[in-house]
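Here is the structure we will look at, set down as structure tokens.
The values are calculated or read from the model by the stated rules, or taken from the named source; none is laboratory data. Just so it is clear, the model here is predicted, and its values are computed rather than measured. Here Cβ is always computed from backbone atoms with ideal geometry, including for glycine, and neighbour counts include all displayed protein chains. For accessibility, only protein heavy atoms count, side chains too; no ligands or nucleic acids. Shrake-Rupley method; radii C 1.70, N 1.55, O 1.52, S 1.80 Å.
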There are 2 protein chains.
Amino acid sequence: MTRPVAIQDTFPEDASHCYGCGHLNDVGYQIKTRLHGDTALTIFEPWSQHIAYEGTVYGGLIASVIDCHSAGTAAIFTMIDAGVAVGSEPSPRFVTAHLEVDFLAPTPLDRMEIVGRLVEMTDRKAIVESELLVDGKVTARGSAVLVRINDDV
Amino acid sequence: MTRPVAIQDTFPEDASHCYGCGHLNDVGYQIKTRLHGDTALTIFEPWSQHIAYEGTVYGGLIASVIDCHSAGTAAIFTMIDAGVAVGSEPSPRFVTAHLEVDFLAPTPLDRMEIVGRLVEMTDRKAIVESELLVDGKVTARGSAVLVRINDDV
């Protein structure tokens, strides 16, 4: 099975320098979000320096990953809802208007999976809810309100 | 007038490696929060790569700075409330349980001032509200619920 395209890799060049998810930002996080069943999935390996205390991930990184992941999730499901395959046409793009993160438990410094769902979509506004898991355990939850900034699709 | 000590510089060595505010994390943001009148002030110069789109700061960085700034603000005002000068004794330390950010307008890639106030304090829980300004204009607001993790002070 072919791996689904990452939505961020479909953004035009002038929208691909984001520190969180721009594939043209050499020092950034290069977050990639892909359709995964009826969810959107981001997998991120924190750097060894991304710590809060020894062995746990810094909360700001968690907020950062959830932020870009949410914008990517909104874009993916806007395309799905329109019956358009991700990567086949220019992607809708969103910016975050409101971000909330609940830190439920320390997040071990290990491979993080962020699973997102679109819970509401109006004309220009999307609400995405996400869970962050390490080794199957949910350690943080995110909720983001996003606003669409283009009309390509 | 002597510049007030940054609360993060008073943390013990094992709590000084945080990617956001640890002064021993060489590649991190080294966020520093100081008492400033009846507020706590963090000044942060984003890197040129910390962009979302051209000329605007990436939202994840804003969330990151507000996160550590909020924990620092809670620590500063816990000491003030106890009648203890910041830097004179071991500092109380907090972790974030809940973080919210409202992105009100694009934040220009320039010197950011984050001004925080403690709005509630119970036995182990603090609520901090903050505004982020660039060149005098508020572009984001943050609210954080923090939980105390030590009893040194």
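Quick notes
Residues are listed down the side, and each one gets a yes or a no for (1) within 11 Å of another protein chain (Cβ to nearest Cβ); (2) without any contact (Cβ under 8 Å) to a residue 40 or more places away in the chain:
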position	(1), (2)
A:A97	yes, no
A:V101	yes, no
A:A105	yes, yes
A:L109	yes, no
A:V115	no, no
A:R124	no, yes
A:V128	no, no
A:E131	no, yes
A:D135	no, yes
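- Members of segment B:48-80 that are aromatic (F, W, Y) and farther than 16 Å from A:T96 by Cα: B:F77
- A count restricted to segment A:138-153 and to residues that are open to solvent by 40 Å² or more (accessible area, probe 1.4 Å), touching a Ser or Thr at 6+ places or on another chain (Cβ under 9 Å) and charged (D, E, K, R) stands at 2.
- Restricting segment B:65-92 to residues that are away from chain A (no Cβ under 14 Å), among the small types (G, A, S) and buried (at least 23 other Cβ atoms within 10 Å of the Cβ), the residue that is nearest to A:Y58 (Cα to Cα): B:A75
- For segment A:35-52, the candidate set comprises residues that are at the interface with chain B (Cβ under 8 Å from one of its Cβ atoms) and touching a residue at least 40 places away in the same chain (Cβ under 8 Å); within that set, the residue that is surrounded by the fewest Cβ atoms within 10 Å (Cβ to Cβ) is A:I51.
- Residues of segment A:78-101 classified as closer than 15 Å to A:S16 by Cα and in a loop (DSSP other than H, G, I, E, B), total: 5
- Just one residue in the set B:A85, B:A71 is modelled with pLDDT of 95 or more and either aliphatic (A, V, I, L, M) or in contact with a Ser or Thr (Cβ under 9 Å, 6 or more places away or on another chain) (or both); that residue is B:A71.
- Scanning segment B:6-24 turns up at least one residue that is among the aliphatic types (A, V, I, L, M), within 30 Å of B:P106 (Cα to Cα) and more than 9 Å from every other protein chain (Cβ to nearest Cβ).
Here is a yes/no grid of residues against (1) modelled with pLDDT under 95; (2) touching an Asp or Glu at 6+ places or on another chain (Cβ under 7 Å); (3) polar (S, T, N, Q):
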{"residue": "B:M1", "(1), (2), (3)": "yes, no, no"}
{"residue": "B:I7", "(1), (2), (3)": "no, no, no"}
{"residue": "B:I43", "(1), (2), (3)": "no, yes, no"}
{"residue": "B:T78", "(1), (2), (3)": "yes, no, yes"}
{"residue": "B:E89", "(1), (2), (3)": "yes, no, no"}
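- Summed over segment B:18-47, residues that are assigned to a loop (DSSP other than H, G, I, E, B) and either of a type in the set (D, E) or within 15 Å of the chain's Cα centre (by Cα) (or both) total 15.
- Some residue of segment B:117-130 being among the hydroxyl-bearing types (S, T, Y), at pLDDT 95 or above and open to solvent by 10 Å² or more (accessible area, probe 1.4 Å): no
- Of all residues in segment A:109-153, those being over 30 Å from A:S48 (Cβ atoms) and assigned to a strand (DSSP E or B) number 12.
- Considering the conditions (1) surrounded by 24 or more Cβ atoms within 10 Å (Cβ to Cβ); (2) within 15 Å of A:R148 (Cα to Cα), A:I62 is excluded by exactly one of them, (2).
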